[in-house]
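Notes for the one structure printed next.
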Amino acid sequence: MNDDWNTGTLRIDMFTDDKRYKIDESRKVYVYKNLHRNCYSVRQDGLIKMHTKEICLWDASFRVGKKGREKVLKEKRKNVHAGVSGYIDTGWNMENRPDNTRCVIYNPYKYETFVYGSNPAIHADNAEPIFWSSRVRLTHIDGGKARIDAVPCIKSANCY
């Protein structure tokens, strides 16, 4: 993501003059993996305001809807029930990426929450949950594989 994220080709407010689709950068957005477009959707005020391949957030919280996860487990079918809420961060790009970032994953069949780590050998009982991070970067790599990197925070901030 570059500092001029407003020039992204997938911002809905670029195609309409409707003020409802303008992103208010002073307020939080909710970002989730769009299962149909293979990108991230950015929602604010209940409206999808942008589709993007990458976005950075600060003061981010990781959210998993309990009922949505239960539906996935019952039906064995993906649905949107998890995402990251935070403020859009225009100052984090690959050139100034923090050194202490850790990969974050979510698999509703293995974990109840987002967890640190990308190692498939991590057993669900040993996974370290993450609920909050000061900075998060959501990207797509290797032809569309979603990736989340987060700056770890102190243990007491990650209690739920």
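Read the figures in this text as sums done on the coordinates, not as results from a lab. Owing to the predicted nature of the structure, the values given are computational and were not obtained by experimental measurement. Positions of Cβ are backbone-derived with ideal geometry, glycine not excepted, and every protein chain shown enters the neighbour counts.
General remarks:
- From least to most packed, judged by other beta carbons within 10 angstrom and beginning with the fewest, HIS81, HIS36 follow the order HIS36, HIS81.
- When peptides 40-51, 130-141 are ranked by their average number of other Cβ atoms within 10 Å per residue, the highest-first order is 130-141, 40-51.
- By the count of neighbouring beta-carbon atoms within 10 Å, fewest first, CYS153, CYS39 end up ordered CYS153, CYS39.
- Close amide H pairs (under 5 Å, H built 1.01 Å from N) link ASP89 with CYS56, LEU57, TRP58, residues at least 5 positions away or on another chain.
- Mean Cβ neighbour count within 10 Å, used as a protection proxy, ranking 66-74, 53-61 highest first: 53-61, 66-74
- Extension gain (nm, one decimal) between LYS67 and LYS19, 0.36 nm per residue minus Cα-Cα: 14.0 nm
- Put in line by how crowded their Cβ is, counting other Cβ atoms within 10 Å and starting with the fewest, THR52, THR90 read THR90, THR52.
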